[in-house]
1. Would you mind ranking L26, L63, L39 by Cβ crowding within 10 Å, fewest neighbours first?
2. For R57 and R30 in one chain, what is 0.36 nm times their gap in residues minus the Cα-Cα distance, to one decimal in nm?
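Taken together, the values in this text are just the output of simple stated rules run on the coordinates, not laboratory data. The model shown is predicted, which means the values in this text are computed figures rather than measured ones. Glycine gets a Cβ as well: all are built from the backbone with ideal geometry, and neighbour counts include every protein chain shown.
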Amino acid sequence: MAEGSKITLQDLELVGQHAGYEGRGLKEAREEFEKDFILRVLSRNKGNLTKAAEELRIARSTLYELMEKLGMRKE
């Protein structure tokens, strides 16, 4: 469904999602991505940390640790 012979970021509709990472180091970009991803999963699971951890395929304790590392509240 892409125009031309190459698939671009625009074809994958990823441009807007990754535009905010420009000018950042790998660590900062990864942390921002992880925080955003966790927030999306938490939103889908209506804030239920147990269900979110299951969806993320990590232990609930690991989710707590990640959230603390990323400066996220557990509310």
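1. L26, L39, L63
2. On the way: separation 27, 0.36 × 27 = 9.72 nm, distance 1.80 nm.
Stretched out fully, the R57 to R30 stretch lengthens by 7.9 nm.
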